[in-house]
Amino acid sequence: MLKVIDLDKSYNRQKQSLKAVSFTAKPGEVTAIIGPSGAGKTTILRSVNQLIKDDAGQILLDDEDIRQANKSDLRRIRHHIGMIFQNYNLIGPLTALENVLHGRLGAKSTFAGMLGLYSATEKNEAAKLLQDVGLADFALQRCDQLSGGQQQRVGIARALMQHPKMILCDEPIASLDPKSTKLVMDILRELAQSKQLIILINLHQLDIAQTYADHIVGINQGTIVFEGPERALTPEKLQAIYRQPETKAVTADAN
Amino acid sequence: MKTVKQAPISLPPKLSLLTRPRRILRTVLGGLTLITLYALLTLNTAGLKISSAMSSLGNNLNIMFLHPGVGQDTWSLLLRALVTSISLGLLTTILGALFAFFIAMGAARNLAPAWLANTIKAAMAFIRAIPTILWVLIYSVVMGLGASAAVVGLTFHSIAYLVKAYSESIEATPAETIEALKASGVRFWPIVFQAILPSIIPALLSWTFIRFEINFANAVAVGAAAGANDIGYYLFMASGFYFNFHEVGLIVYLLLAVAVVLEIISIQLRGHYLKQN
């Protein structure tokens, strides 16, 4: 269970980007964060694994506050949080298999990690995961030769290699075509159920969120304006989530 | 459709293509021609006859390049000296690359704090600004003339050169790929060796090889100055002491052969890595 409580963050003094953000995400469910551009979706997601240092609040993953963790605790917690990205962020010249094996690096000593010493079990597991995401034939291909959808699936396999409790997905389908989008989202939903993972996902596309998410968090200008199951998302709630700030509305009228 | 009626262009009575930049260029060229003529006419040749001097030059070139020979040194001596030069270049490149790789970590802005990166970069720029041959002479003051001063001096300059090349290659790795591994709890050194290094190996290889070519050329020059007993030293002795132009020609051909071989290897290496890319 992920519990985020009263999270604040401001990048500069004038504008607060997150204001007392609280929500929960449960294992076995896909939780989608939706909202207009600049609402703070990415800031929330990156605070959860502390790639962004927030200002105040609590982030509890199975009752352990990641904000209080010291350097080595943070590494340990991060190792159990997989992350996939809009641009996949794989190492292009390496093979798909090597990129998946990178999911184990966080569990290794500095020395073994430096040399990339993987056990036979780990290699077999990586190959199995690639098979699971439908890329068995591409295991030994360089990642920069794969299509976007294939790279994103390598990214998912890399995240699974970490044996995660949670997978954070930062706009995972923003660069994908509709067919790859469906494939990737199907895999994520299936994973949440079969492995009882917490899947926390930032989405631009409302229709995808409504199709795939069990739980929805709506954010507007750094404030949570909706949290609840997908079916509770009424048109009024949607309007509140995607409401434009006053100043922008005025400019739009002027035009 | 509206047709625009154009007024006829009125030409000035005398159209000149001699624009201002062209006028300046002609003036400069004319001036240089005048200076050259003046210099040639008033040159103090001190008994030198241009015609005979030209034929001697032709004769010398003929001896050098059409009749190369070993002179007073033997083939085995010259070949051993050539190997010494190559080894000098190779050794200093390997040493330089090794040191440079680790220093470059500190000089790359995406890995090290800004103050450290800037300090290292400034120091390396300072070392690079002083030519290799001067570093060798500076070290020969400390260590005495000879091979060790040549090695240290060449290595020193190689490090500064390679740190710049390497750190810029490291900075070219996208920050997001590094972030992706950081987000999964990977430590610093595994990220360097598993993520950054595989991405930049072609660049590192090609920079290192260029430096090897430079170091080989420098080793020849440095050999003469520091008395490192390599091919540069024999070239210096043959041309300046024994005036044995047969040997000078031979040595030039040997150096040329090595340069050609290095070029071929470098093309092969790049081809090999680019194919993988």
Next item on the list: Answer yes or no as to whether A:Gly82 is within 10 Å of another protein chain (Cβ to nearest Cβ) and modelled with pLDDT under 90.
Entry: no
Margin query: Going by what's in this entry, would A:Arg67 be described as more than 26 Å from B:Ile200 (Cβ to Cβ), within 7 Å of chain B (Cβ to nearest Cβ) and either touching a helix residue (DSSP H, G or I) at 6+ places or on another chain (Cβ under 6 Å) or not β-branched (Val, Ile, Thr) (or both)?
Written below: no
Notebook entry, point to check: Within segment B:105-126, can you find the residues that are open to solvent by 20 Å² or more (accessible area, probe 1.4 Å) and not in a loop (DSSP other than H, G, I, E, B)?
Noted result: B:Ala114, B:Trp115, B:Leu116, B:Asn118, B:Thr119, B:Ile120, B:Lys121, B:Ala122, B:Ala123, B:Met124, B:Ala125, B:Phe126
Check: Going by the structure shown, is A:Asn89 at pLDDT 90 or above and facing another protein chain (nearest Cβ under 10 Å)?
Finding: yes
Next item on the list: Could you please let me know if B:Leu95 is open to solvent by 50 Å² or more (accessible area, probe 1.4 Å), closer than 30 Å to B:Pro198 by Cα and of a type outside the set (Val, Ile, Thr)?
Entry: yes
Check: What tally of residues in segment B:64-79 results from selecting those that are within 20 Å of B:Phe243 (Cα to Cα) and either of a type in the set (Phe, Trp, Tyr) or exposed (fewer than 10 other Cβ atoms within 10 Å of the Cβ) (or both)?
Finding: 3
Checklist line | So A:Gln150, is it surrounded by fewer than 22 Cβ atoms within 10 Å (Cβ to Cβ) and part of a helix (DSSP H, G or I) | finding: yes
Item checked: Whichever residue in segment B:169-192 is of a type in the set (Val, Ile, Thr) and within 7 Å of another protein chain (Cβ to nearest Cβ) and, among such residues, is surrounded by the fewest Cβ atoms within 10 Å (Cβ to Cβ) -> B:Thr177
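Given B:Ala114, B:Ala97, which one is among the small types (Gly, Ala, Ser), on the phi < 0 side of the Ramachandran plot and free of Cβ contacts under 8 Å to residues at least 60 places away in the same chain?
Details: B:Ala97 fails: free of Cβ contacts under 8 Å to residues at least 60 places away in the same chain.
Of the residues listed, the single one that is among the small types (Gly, Ala, Ser), on the phi < 0 side of the Ramachandran plot and free of Cβ contacts under 8 Å to residues at least 60 places away in the same chain is B:Ala114.
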Margin query: If I go through segment A:115-144 residue by residue, how many of them are open to solvent by 50 Å² or more (accessible area, probe 1.4 Å) and within 10 Å of another protein chain (Cβ to nearest Cβ)?
Written below: 2
Next item on the list: Mind telling me which of the residues B:Ala238, B:Ala219, B:Ala195, B:Ala228 ends up being within 14 Å of chain A (Cβ to nearest Cβ) and open to solvent by less than 40 Å² (accessible area, probe 1.4 Å)?
Entry: B:Ala195
Next item on the list: Return a yes/no flag: does segment B:142-164 have any residue that is of a type in the set (S, T, N, Q) and within 9 Å of chain A (Cβ to nearest Cβ).
Entry: no
Notebook entry, point to check: Which residues, counting only those in segment B:141-170, are β-branched (Val, Ile, Thr) and under 19 Å from B:Phe209 (Cβ atoms)?
Noted result: B:Thr155, B:Ile159, B:Val163, B:Ile170
Next item on the list: Give me the pairs, please: first residue somewhere in segment A:100-114 and farther than 12 Å from B:Gly185 by Cβ, second residue anywhere and among the β-branched types (Val, Ile, Thr), beta-carbon distance under 9 Å, and either six or more positions apart or on two chains.
Entry: A:Val100/A:Val154; A:Met114/B:Val192
Margin query: So if I check each of B:Leu269, B:Leu205, which one is within 14 Å of chain A (Cβ to nearest Cβ), open to solvent by 50 Å² or more (accessible area, probe 1.4 Å) and closer than 20 Å to B:Leu98 by Cα?
Written below: B:Leu205
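Considering every residue within segment A:57-77, establish whether at least one is under 15 Å from A:Asp170 (Cα atoms) and either touching an Asp or Glu at 6+ places or on another chain (Cβ under 9 Å) or open to solvent by 50 Å² or more (accessible area, probe 1.4 Å) (or both).
Of segment A:57-77, the ones under 15 Å from A:Asp170 (Cα atoms) are none.
No, segment A:57-77 contains no residue that is under 15 Å from A:Asp170 (Cα atoms) and either touching an Asp or Glu at 6+ places or on another chain (Cβ under 9 Å) or open to solvent by 50 Å² or more (accessible area, probe 1.4 Å) (or both).
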Notebook entry, point to check: Out of the residues in segment A:200-255 that are in a loop (DSSP other than H, G, I, E, B) and open to solvent by less than 40 Å² (accessible area, probe 1.4 Å), which is modelled with the highest pLDDT?
Noted result: A:Ala213
Margin query: Looking at B:Leu61, B:Leu82 in this structure, which one is assigned to a helix (DSSP H, G or I), at pLDDT 90 or above, open to solvent by less than 50 Å² (accessible area, probe 1.4 Å) and of a type outside the set (Phe, Trp, Tyr)?
Written below: B:Leu82
Check: From the list B:Ala46, B:Ala100, which residue is among the small types (Gly, Ala, Ser) and open to solvent by less than 80 Å² (accessible area, probe 1.4 Å)?
Finding: B:Ala100
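The values are calculated or read from the model by the stated rules, or taken from the named source; none is laboratory data. Since we're looking at a predicted model, the values are computed, not measured. Note: ideal-geometry Cβ built from the backbone for every residue, glycine included; neighbour counts use all protein chains shown. What goes into the accessible areas is simple: the full protein's heavy atoms, side chains included, and nothing from ligands, DNA or RNA. Shrake-Rupley method; radii C 1.70, N 1.55, O 1.52, S 1.80 Å.
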